[in-house]
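To start, the structure under review is shown below, and the notes come after it.
The values are calculated or read from the model by the stated rules, or taken from the named source; none is laboratory data. Computed from a predicted model, the values in this text were never measured in an experiment. All Cβ positions, even for glycine, are placed from backbone atoms using ideal geometry, and neighbour counts span all protein chains on display. Quick note on the areas: whole protein, heavy atoms, side chains included, nothing else; ligands and nucleic acids left out. Shrake-Rupley method; radii C 1.70, N 1.55, O 1.52, S 1.80 Å.
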Amino acid sequence: MSAADLAQSIGRELPYLRRYARALTGSQTAGDNYAAATLEAILSDRSLMNGDDTRIGLFRTFHAIWQSSGQPVASDDQNSREAVAQSHLRGLTANSREALLLRTIEELRYDQIAQIMQIDQEEAEELVQIALNEMGRAIRGRVMIIEDETIIAMDLKGIVQAMGHEVTGVARTHTAAVELAANRRPDLILADIQLADGSSGIDAVNELLGSLGDIPVIFITAFPERLLTGDRPEPAFLISKPYSEEQVRSAVSQAMFFASTEGLGAA
């Protein structure tokens with residue numbers, strides 16, 4: 001593959017690497033820094049991509065850097081959101097979250113996950129199941145859903161409640177979302193991009209975060225690459241439409257790990 005073809009191929013996959021990196025770190029800045037380090041490594045040594053599908057080579061290079069970096073979101077403030085998240089994450093089986101994200105959010109096959117993580121396929125399958133079990137029972141909280149399609153809203157509500165979380169309500173418009181959040185502060189927001197009255201889920205979330213403070217948000221969109229351009233502040237958690245139950249469970253678990261522990265209780 002020529003340098004130009006490689007660059008073009010990497011460019012197509014980069015938004016998804018950035019999505020994965022953000023979900024893994026819980027931060028746009030930290031995630032993008034890891035993605036940038038991955039690109040720098042490939043520019044320095046193109047052999048990292050030899051003989052591989054571009055996505056596999058890109059994610060495998062990222063994973064090698066991630067594994068060698070130690071504490072990815074360490075903070076000097078031990079009471080910070082990042083420090084609290086690290087405290088939770090240290091209790092999980094090593095590599096399980098990575099395998100879970102690759103499987104559910106990035107929708108990779110188990111053999112591809114094995115290649116990226118340099119493990120056996122059987123181990124990849126075991127890690128995904130371990131992560132689902134460990135993260136699913138670790139934290140409980142209140143979830144607010146902003147979604148204008150009734151069937152999707154009810155589906156999301158059922159998934160979230162089955163995980164043990166409380167759903168504070170479902171809002172179909174920007175105005176309804178603001179009113180709902182004012183009645184009961186959520187620990188997590190699950191939001192569609194386009195709402196029933198033509199308003200923007202992003203605008204609704206921005207207003208809520210301005211009044212409620214730092215709450216993790218999971219956006220649902222059919223076009224995740226449009227929110228991963230690097231041109232502006234962007235969400236750390238994205239689910240692509242159509243989504244699967246596994247994707248929702250994984251994203252909710254990841255986001256809860258990076259939420260403030262205020263109002264949350266261990267299962």
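Among the criteria (1) in contact with a Pro (Cβ under 7 Å, 6 or more places away or on another chain); (2) modelled with pLDDT of 85 or more; (3) not aromatic (Phe, Trp, Tyr), the one Thr38 does not fulfil is (1).
Kindly evaluate Leu208 against the criterion of being over 15 Å from Val143 (Cα atoms) and either in contact with a helix residue (DSSP H, G or I) (Cβ under 6 Å, 6 or more places away or on another chain) or at pLDDT 85 or above (or both). For Leu208, the condition - over 15 Å from Val143 (Cα atoms) and either in contact with a helix residue (DSSP H, G or I) (Cβ under 6 Å, 6 or more places away or on another chain) or at pLDDT 85 or above (or both) - is not met.
Among the residues of region 31-51, not a single one is surrounded by 17 or more Cβ atoms within 10 Å (Cβ to Cβ), small (Gly, Ala, Ser) and out of contact with any Phe, Trp or Tyr (no Cβ under 9 Å at 6 or more places or on another chain). Criterion applied to Ala3, Ala23, Ala7 was being modelled with pLDDT under 90 and crowded, with 18+ Cβ neighbours inside 10 Å, and the one residue passing it is Ala23. The C-beta contact set for region 27-38 (first residue more than 11 Å from Ile65 (Cα to Cα), second residue of a type in the set (A, V, I, L, M, F, W, C) and surrounded by fewer than 22 Cβ atoms within 10 Å (Cβ to Cβ), distance under 6 angstrom, 6+ apart or interchain) comprises Ala30/Val73.
Filtering region 173-190 to residues that are under 23 Å from the mean Cα position of the chain (by Cα) and either of a type in the set (Lys, Arg) or on the phi > 0 side of the Ramachandran plot (or both) leaves only Arg185. Going through (1) part of a loop (DSSP other than H, G, I, E, B); (2) of a type in the set (D, E, K, R); (3) at pLDDT 65 or above one by one, Asp231 falls short only on (3).
Between Ala74, Ala64, Ala30, the distinction of being under 21 Å from Ala94 (Cβ atoms), at pLDDT below 95 and assigned to a loop (DSSP other than H, G, I, E, B) belongs to Ala74 only. Scoring Gly201 on the criteria (1) more than 30 Å from His63 (Cα to Cα); (2) modelled with pLDDT under 90; (3) open to solvent by 40 Å² or more (accessible area, probe 1.4 Å); (4) in contact with a helix residue (DSSP H, G or I) (Cβ under 9 Å, 6 or more places away or on another chain) leaves a single failure, condition (3). Can you tell me which condition Glu106 does not meet? The list is (1) outside the structural domain of Pro216 (by the TED database); (2) under 24 Å from Ala191 (Cβ atoms); (3) free of Cβ contacts under 8 Å to residues at least 40 places away in the same chain, and all the others hold. Failing condition for Glu106: (3).
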